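Below is one structure; the comments refer to it alone.
The values are calculated or read from the model by the stated rules, or taken from the named source; none is laboratory data. Note that this is a predicted model, so its numbers are computed, not measured. Cβ atoms come from the backbone with ideal geometry, glycine included; neighbour counts cover every protein chain shown.
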Amino acid sequence: MLLIEDVSVAFGGVRALSEVGFEVPEGQVCGVIGPNGAGKTTLFDVVCGLRRPLSGRVSVGGADVSALSPLQRARGGLRRTFQRTQVFGRLTVAQNVLAALDWRGGGGGLPADLVGWPSRRRLERERAARVAEVLELCGLAELGDAYAAALPVGQRRLVELARAIADRPRLLLLDEPTSGLDRDQTVRLRAVVSALDATVLLVEHDMGFVMDTCDRIVVLDLGRVIAAGTPREVRENPVVRAAYLG
Ligand SMILES: Nc1ncnc2c1ncn2[C@@H]1O[C@H](COP(=O)(O)OP(=O)(O)OP(=O)(O)O)[C@@H](O)[C@H]1O
């Protein structure tokens, strides 16, 4: 479960977030929508620890993570994708995904590397199997040996998604996940997100995708939560219609 309480952020005189609070139950997908400058990216930065708020708290699974660094939060199972794709261009697609698993190390240190202990070989087999599984899930099974830099943007974004889910995150933040995806890739993305065990927070401009994919939606405007609820509740909310959906 993700709990955001009373979060405020200011840049000089600009209030990017004002007393923002909401909750995403375990395993649910929550969309954050709002016009440009509403504070969506700033909210993501607060949740993943890149930005310290003026006030407020973020808790994951009942534990207050507000004082933790981005790295500590990542170790606790938080993953994030960015608006602009960030893949390792000089690695293959499979290596990109493997890198998301290898940070845990292999155990046994250098001797295990040199001798190839059975436990190490088993771990490598398990990781290779997980890479294959995730590539299949993300529609990248044929592209494991392709260099990430050579792929069109839609496929690069799916590589980023594959990397983000490979290690079975507990909390996943997706920033504009449909941007650059074609129709089929968007359908694939929706299926992957819906099947995840993780709690998901996503920022997205494609309203059709948000309405179809999210269990709950939070609407931000000028740094404040102006509405929250199910897709239907949000769609029918007169304040949202006036401020945003038109
Ligand atoms: N580093 C910064 N320095 C100064 N002001 C900033 C900074 N980052 C964001 N802001 C301001 O904070 C407010 C919220 O910005 P933010 O990027 O979080 O909005 P957003 O909803 O993600 O917008 P978009 O949809 O355009 O990505 C805006 O007024 C923005 O200009």
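At-a-glance table
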| quantity | calculated |
| --- | --- |
| Considering residues of segment 23-49 that are surrounded by fewer than 18 Cβ atoms within 10 Å (Cβ to Cβ) and more than 14 Å from the chain's Cα centre (by Cα) only, the residue nearest to G223 (Cα to Cα) | G37 |
| Members of segment 52-107 that are over 27 Å from S18 (Cβ atoms), touching a Lys or Arg at 6+ places or on another chain (Cβ under 6 Å) and without any contact (Cβ under 8 Å) to a residue 24 or more places away in the chain | G106 |
| Cross-chain or 6+ apart pairs with Cβ under 6 Å, segment 1-23 first and in the same structural domain as S55 (by TED's automatic domain parsing) and closer than 19 Å to L173 by Cβ, then near the ligand (Cβ under 10 Å from one of its atoms) and not in a strand (DSSP E or B) | V7/V46; V9/T42; A16/G39; A16/T42; A16/G223; L17/G39; L17/T42; L17/G223 |
| The listed residue being under 23 Å from the mean Cα position of the chain (by Cα) and either hydrophobic (A, V, I, L, M, F, W, C) or modelled with pLDDT of 95 or more (or both), out of V115, V134 | V134 |
| Helices (runs of 4 or more DSSP H) wholly inside segment 151-246 containing at least 1 residues that are within 16 Å of the ligand (Cβ to nearest atom) and within 25 Å of S59 (Cα to Cα) | 207-213 |
| Within segment 152-185, tally of residues that are in contact with a helix residue (DSSP H, G or I) (Cβ under 7 Å, 6 or more places away or on another chain) and more than 26 Å from L78 (Cβ to Cβ) | 1 |
| Filter result for A227 (of a type in the set (A, V, I, L, M), loosely packed, with under 13 Cβ neighbours inside 10 Å, farther than 20 Å from L172 by Cα and free of Cβ contacts under 8 Å to residues at least 40 places away in the same chain) | no |
| Output for segment 28-50, where each listed residue is closer than 16 Å to R79 by Cβ, in contact with a Leu (Cβ under 8 Å, 6 or more places away or on another chain) and in a loop (DSSP other than H, G, I, E, B) | G49 |
